[in-house]
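Each value in this text was obtained by applying a stated rule to the coordinates, not by laboratory testing. Note that the structure is a prediction, hence the values are computed from the model and not measured. With ideal geometry, Cβ positions are generated from the backbone for all residues, glycine too; neighbour counts draw on all protein chains shown.
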Amino acid sequence: MTEAAEEVRVRNTLPRDFPGISDLCKCMYPDTAPWSANELSSHLAVFPEGQFVAVYGSEEKVVGMCASLIVLWDDYQMLDNWHKDVLRHLVTGDNRDCH
C-alpha cells in the first residue's frame, strides 16, 4: 500500500457509504438507532453537497460523517419552536412538520 492510501480523506457521501455510516453510528451512539438508508438517501436527494464522510485507507472505511440539513427560515418565525419539531423527527421519525 502506498502512503496516500493510508490517509484520512473527507469527501461527499455516496450511497455505498451507508453501511459504514450505520456501523459508525451504532458504535458511537449505541443507545440510539443509526441513520437508516432511507434517511441518508433523503439527505442526498435534498442537499447532496452538505453530506460528508471521512474515510480511511484504500478500502475507504468510514471513520466520520457529517449530515447537514437545510432549514427554510421563511417557514418559521424566529420564536417558533421549530427545534421541537426537528427533535421529534430525529427521535420518533415523525416528519409531519419537517422539510
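Here are some notes:
- Distance between modelled label sites at residue 29 and residue 8, nm, 7 Å Cα→Cβ extension: 1.9
- Tensor-based shape of segment 4-68 (alpha-carbon gyration tensor, a/c under 1.5 rounded, otherwise prolate or oblate): oblate
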